[in-house]
Amino acid sequence: MKVEFSAFPKAFSGNVAVFVAADKQLLASAQAADKKSGGTLTRAMAAGRFTGAKGQTLTVLGNTGGADRLLLLGVGKGQELDARAAEGLGGVIAAEANAAGHKAVTVVVDPVKGSRLSPGEIAARIALGARLRNYRFDKYKTKDKPEQKLSLTKLTVAVSGGPAEARRAYAQLEPTVDAVFFARDLVSEPANVLYPVEFARRAKELTKLGVKVEILGEAEMKRLGMHVLLGVGQGSERESQLLVMRWMNGPKTQAPVALIGKGVCFDTGGISLKPAGGMEDMKWDMGGAGAVVGAMKAIAGRKAKANVVAVCALVENMPDGNAQRPGDVVKSMSGQTVEVINTDAEGRLILCDAMWYAQEKFKPQAMVELSTLTGAIIVSLGHERAGLFSNNTPLSDKLRDAGSQIGEKLWRMPLGPKYDKLIDSEIADMKNVSNGRDGGSITAAQFLQRFVKEGVAWAHIDIAGVAWSSKGDSTTPKGATAYGVRLLDKLIADNYER
Ligand code: BES
Ligand code: MN
Ligand code: ZN
């Protein structure tokens, strides 16, 4: 979909969206159209439930003041129109256009009283939201009818006071869209197509943006002593990979932020095999790695003045004659040993070596790790928020603030010595699961924390409940959400950039 910003049109034509604030307050352009059409808009509102509440729509045909169709778009109360709300309006415009089969829409952005956003900022956010919503993973659909495809190919945003500010603001936001789509594509791909080597190959594309991409295979990981990671991939025909990315565009002396991603391209559970029902979902068990690669694309795409590195552990967890057995003991790169009680608790196994590698190699000031780690986090938080575990309150607050601004919400969960004790092993330094299922997300986080070096601010974000959406939201169609791409990009933009 193409986006164009323009000045206010002299006359309406085609499909035009205009703003109506709460309690049927027609904003300037809607008011003018209402007048021109002899009160058609007022009558249309009177005939139904449309009040101008945020996200409500009403399509007016016929006598519309020049347009072929007018979409009255509820912007709600002015005070509530922040950046995220404006993105949601863009999402609504895209969804309505696609539902109706329209190819092009013009949205007319009037100043909104009470909002802290200027028309230019509102316009840029609307464009971002519309683009984020205008996504469909249909590359394997060979028989789609035209009405099943996305129809919207052009959005014109007409801005009160002229398009210059909107253009500038949107230029900063646009790399986010490509990054989110890149991550959604990775997460949506089936596991026969996207296995560790293929994932790494696609990530290599970021080289074009100036990201240094390095890929380690099994032989190199063995030399480094990453036996816990390698144990997980041992039952797979597909080679495990360690994807290492570098974007060092910040001050030379500044220690980088390390982003770590869980990239289990398919999780059968291994010998601790998962039940058949719903196992297909485990193609998106690489959502953490997908988000991290997407975030690197966003960060490099807007040439962030920051030092950011990324390490993604890419494996496939399969049952096989050569697969790891429950009870096996393996040694990590850190030197600590792990008793593998349950081969389905594989995420923490690959992450512990990836985290250790990142800390040894890059001496990061902070390390943020994303993973679809536990079903238990879905029991705790459902699909509305990701679980946040951290040894550092300032970092937690930064993540929470970033998330609330861009609509990827987090909830901090506890850690502590009594939880930590639950993963002590009789035979090794630790076991990969505790005895019961109780507090399953917390014991998983405790396992990871045993691989955090002194002085490193660390956060683990369990995205099992939010990486995939069965219903979608205003700017995310159902399916892969790319949760984390915008969160990490915003974290860097607001806190680690100069
Ligand atoms: N990838 C799963 C977690 C998961 C579950 C992600 C559902 C998305 C949706 C993870 O590897 C796993 O299998 N975790 C186990 C841990 C258990 C064996 C301690 C779980 O949550 O059941
Ligand atoms: Mn598993
Ligand atoms: Zn998993």
### Query
From the list E280, E360, E316, which residue is away from ligand 1 (no atom under 14 Å from the Cβ), out of contact with any His (no Cβ under 7 Å at 6 or more places or on another chain) and among the acidic types (D, E)?
E360
### Query
Going by the conditions given, is G210 in the same structural domain as V452 (by TED's automatic domain parsing) and surrounded by fewer than 19 Cβ atoms within 10 Å (Cβ to Cβ)?
yes
### Task
Answer yes or no: is there a residue in segment 414-424 that is within 14 Å of ligand 1 (Cβ to nearest atom), in contact with an Asp or Glu (Cβ under 6 Å, 6 or more places away or on another chain) and farther than 23 Å from V466 by Cα.
no
### Message
From the list I423, I461, exactly one residue is aliphatic (A, V, I, L, M), under 21 Å from D353 (Cα atoms) and either assigned to a helix (DSSP H, G or I) or out of contact with any Leu (no Cβ under 8 Å at 6 or more places or on another chain) (or both). Which is it?
### Response
I423
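To keep it simple, each residue is scored yes or no on (1) of a type outside the set (D, E, K, R); (2) touching a Ser or Thr at 6+ places or on another chain (Cβ under 8 Å); (3) within 14 Å of ligand 3 (Cβ to nearest atom); (4) not in a helix (DSSP H, G or I).
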{"position": "G294", "(1), (2), (3), (4)": "yes, no, no, no"}
{"position": "A298", "(1), (2), (3), (4)": "yes, yes, no, no"}
{"position": "K303", "(1), (2), (3), (4)": "no, no, no, yes"}
{"position": "A310", "(1), (2), (3), (4)": "yes, no, no, yes"}
{"position": "L314", "(1), (2), (3), (4)": "yes, yes, yes, yes"}
{"position": "A323", "(1), (2), (3), (4)": "yes, yes, no, yes"}
### Summary
When every residue in segment 29-68 that is aliphatic (A, V, I, L, M) and assigned to a helix (DSSP H, G or I) is compared, the one surrounded by the fewest Cβ atoms within 10 Å (Cβ to Cβ) is A46
### Test set (1) within 14 Å of ligand 3 (Cβ to nearest atom); (2) out of contact with any helix residue (DSSP H, G or I) (no Cβ under 6 Å at 6 or more places or on another chain); (3) under 21 Å from Q234 (Cα atoms); (4) among the small types (G, A, S) - G278 fails condition number
(3)
### Query
Among the residues of segment 351-368, is there at least one that is hydroxyl-bearing (S, T, Y), within 16 Å of ligand 2 (Cβ to nearest atom), buried (at least 20 other Cβ atoms within 10 Å of the Cβ) and touching a residue at least 60 places away in the same chain (Cβ under 8 Å)?
no
### Query
Out of all the residues in segment 289-308, is one or more within 16 Å of ligand 1 (Cβ to nearest atom), crowded, with 24+ Cβ neighbours inside 10 Å and within 25 Å of T337 (Cα to Cα)?
yes
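A quick yes/no check of all residues on (1) within 16 Å of ligand 3 (Cβ to nearest atom); (2) surrounded by fewer than 23 Cβ atoms within 10 Å (Cβ to Cβ); (3) under 25 Å from A345 (Cβ atoms); (4) aromatic (F, W, Y):
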site: Q449; (1), (2), (3), (4): no, yes, yes, no
site: V466; (1), (2), (3), (4): yes, no, yes, no
site: S469; (1), (2), (3), (4): no, yes, yes, no
site: S474; (1), (2), (3), (4): no, yes, no, no
site: T481; (1), (2), (3), (4): no, no, yes, no
### Query
Just wondering, is there one or more residues in segment 485-497 that are within 16 Å of ligand 3 (Cβ to nearest atom) and either of a type outside the set (A, V, I, L, M, F, W, C) or part of a loop (DSSP other than H, G, I, E, B) (or both)?
no
### Query
Looking at (1) part of a helix (DSSP H, G or I); (2) surrounded by 22 or more Cβ atoms within 10 Å (Cβ to Cβ); (3) in contact (Cβ under 8 Å) with a residue 40 or more places away in the chain, which is the one condition that is false for R84?
(2)
#### Entry: Residue satisfying all of: in segment 325-352; of a type in the set (D, E, K, R) and out of contact with any Ser or Thr (no Cβ under 6 Å at 6 or more places or on another chain); nearest to ligand 1 (Cβ to nearest atom) among these
E346
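The values are calculated or read from the model by the stated rules, or taken from the named source; none is laboratory data. Since we're looking at a predicted model, the values are computed, not measured. Note that each Cβ is placed from the backbone with ideal geometry, even for glycine, and that neighbours are counted across all protein chains shown.
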